[in-house]
C-alpha cells in the first residue's frame, strides 16, 4: 500500500510530528511505501520523490510584503494544490493521511485529492488524524487567550465567537481571518470528502461530533506509545515534570504548588516562555530539555510525575511514557487525561488549576511510599498500543473498514 502522509511541518516541532515520523517508519517496516507532503523548511527530515513542497509561512516573523498575502493564503492555497498534484501524479497513493494542515496547507489540498481521484479513476482514501480541535475551533485549543478560560462557544459552527473573543493570538484581525477560514470551508463542504477522522481521545471525539458531518466519520483511538524494557531501578526523592514551560501546560499552577511544598524536591525537564519563573524556585532543579536515555532515566527514577495541563489535552505522550516506565502520574482532571489515569488505581487526578489540591496529593503520596509503589505496579500492567498494535488497527481503516 502507498501512503502519503500530509502535515504542515516536516521537521521535529511537536507531538504531531513525533506521530507522523514514527508512524511512517512503522508502516515502512510493515512493507508499505510512505512519502510525505508539507512545507519546505531547512530542518525538513522527510519528503517525497519529486521534492514538491509549499513555501514556508512564518506567522510570527517574515517580511511585511509576505504577510500581506497571508490572509488569503491561510484560507486557500493554489500553491499547495499545484505542489501536491506533482506528488499525487508521481506517487499514486492509495491513502492520503492528513494531519495538521489548516492555515499553512489549507483544506484546498482535499479538493486537489478529490480532483485527482476523479481524473485518474484511482481509489484513494482520505484519512485525517485530529491532533487538536482545529476543525471545530479556529484557534485549535478551545481556549480564550484573553480570559485563559476553556471555551466551547464555536462548537456547532458558531465561528463568529472567535472574533468576539479575539481568540487567535489575541488579535481582532487574525481572529477575523480565523473565522473566515472556518466559515469558508464550512460553506465549501470540502470536509465531506474525508473518509474517517481518527480522534486520539474519546473527549476529542465528543467535541468533533458536535459537527453532524464529522459524527458519522469519527473513531476514537489513543496514540501509540513505544514499548520499553522493564528495569528494576531505585526510586529517588524527587517529583518530575517534563514538557513545555508554558501557561497552558499548567506551569503557573505547578509553580504555586512548589512554593507550598518547600521541603519536597522537584525536577523540571523542558523549556519555554515561563523558564525564568521556574528558575526562581529554590526546590526546583531545571535540567532543561531532555531526550533519549537521559529522559528515560529521569522518568524511571522519579517517585511520580505531574501533568498539570490547563487546556483540553487529548492523549499526552508524557502520561503514557511515565506509566510505561512504572512511574505514576498525578494528572489534571481535564480533557482526555482522565482516560489514561484511573484515580486511586494507577495514579491520581486533581482539579485543573487547583494548586492547593495538587500540593495535598503530592504530600500524601510523598509520605506514603506503599501507595505509590502500588500505583507503579499498576502502571506496568496497563495495556497501551505500541506502534505495531496501532498499525494493526490503522491499516483496516486505510482499507475502508
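Is it the case that residue 13 is loosely packed, with under 15 Cβ neighbours inside 10 Å, free of Cβ contacts under 8 Å to residues at least 60 places away in the same chain, in a loop (DSSP other than H, G, I, E, B) and under 19 Å from the mean Cα position of the chain (by Cα)? Here the answer is yes, as residue 13 does meet what is asked. The test for being at negative phi and under 24 Å from the mean Cα position of the chain (by Cα) holds for residue 397.
Counting only helices (runs of 4 or more DSSP H) that fall entirely inside segment 164-246 and contain at least 3 residues that are touching a residue at least 24 places away in the same chain (Cβ under 8 Å), within 23 Å of the chain's Cα centre (by Cα) and not assigned by TED's automatic domain parsing to the domain that holds residue 341, the qualifying elements are 172-188, 202-208. Residues considered: 322, 352. Of these, the only one that is under 23 Å from residue 152 (Cβ atoms) and in contact (Cβ under 8 Å) with a residue 40 or more places away in the chain is 352.
Return a yes/no flag: does segment 326-338 have any residue that is buried (at least 22 other Cβ atoms within 10 Å of the Cβ) and more than 27 Å from residue 200 (Cα to Cα). No; the residues of segment 326-338 include none that is buried (at least 22 other Cβ atoms within 10 Å of the Cβ) and more than 27 Å from residue 200 (Cα to Cα). Listed by position, the helices (runs of 4 or more DSSP H) contained in segment 63-159 that have at least 3 residues being in contact with a helix residue (DSSP H, G or I) (Cβ under 6 Å, 6 or more places away or on another chain) and over 23 Å from residue 247 (Cα atoms) are 78-91, 108-120.
Residues checked against (1) in contact with a strand residue (DSSP E or B) (Cβ under 9 Å, 6 or more places away or on another chain); (2) at pLDDT 95 or above; (3) on the phi < 0 side of the Ramachandran plot:
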{"position": "37", "(1), (2), (3)": "yes, yes, yes"}
{"position": "59", "(1), (2), (3)": "no, no, yes"}
{"position": "92", "(1), (2), (3)": "yes, yes, no"}
{"position": "113", "(1), (2), (3)": "yes, yes, yes"}
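The single condition from (1) closer than 30 Å to residue 341 by Cα; (2) under 21 Å from the mean Cα position of the chain (by Cα) that residue 156 fails is (2).
Of all residues assigned to segment 277-289, at least one qualifies as being in contact with a helix residue (DSSP H, G or I) (Cβ under 9 Å, 6 or more places away or on another chain), assigned to a strand (DSSP E or B) and within 27 Å of residue 374 (Cα to Cα).
Inspection of segment 364-372 finds no residue satisfying the criterion of being touching a strand residue (DSSP E or B) at 6+ places or on another chain (Cβ under 7 Å), within 28 Å of residue 206 (Cα to Cα), surrounded by 17 or more Cβ atoms within 10 Å (Cβ to Cβ) and not assigned by TED's automatic domain parsing to the domain that holds residue 206. Scanning segment 332-348 for residues that are in contact with a helix residue (DSSP H, G or I) (Cβ under 6 Å, 6 or more places away or on another chain) and closer than 15 Å to residue 375 by Cβ returns 340, 345, 346, 347, 348.
The values are calculated or read from the model by the stated rules, or taken from the named source; none is laboratory data. These numbers were taken from a predicted model, which means no experiment stands behind them. With ideal geometry, Cβ positions are generated from the backbone for all residues, glycine too; neighbour counts draw on all protein chains shown.
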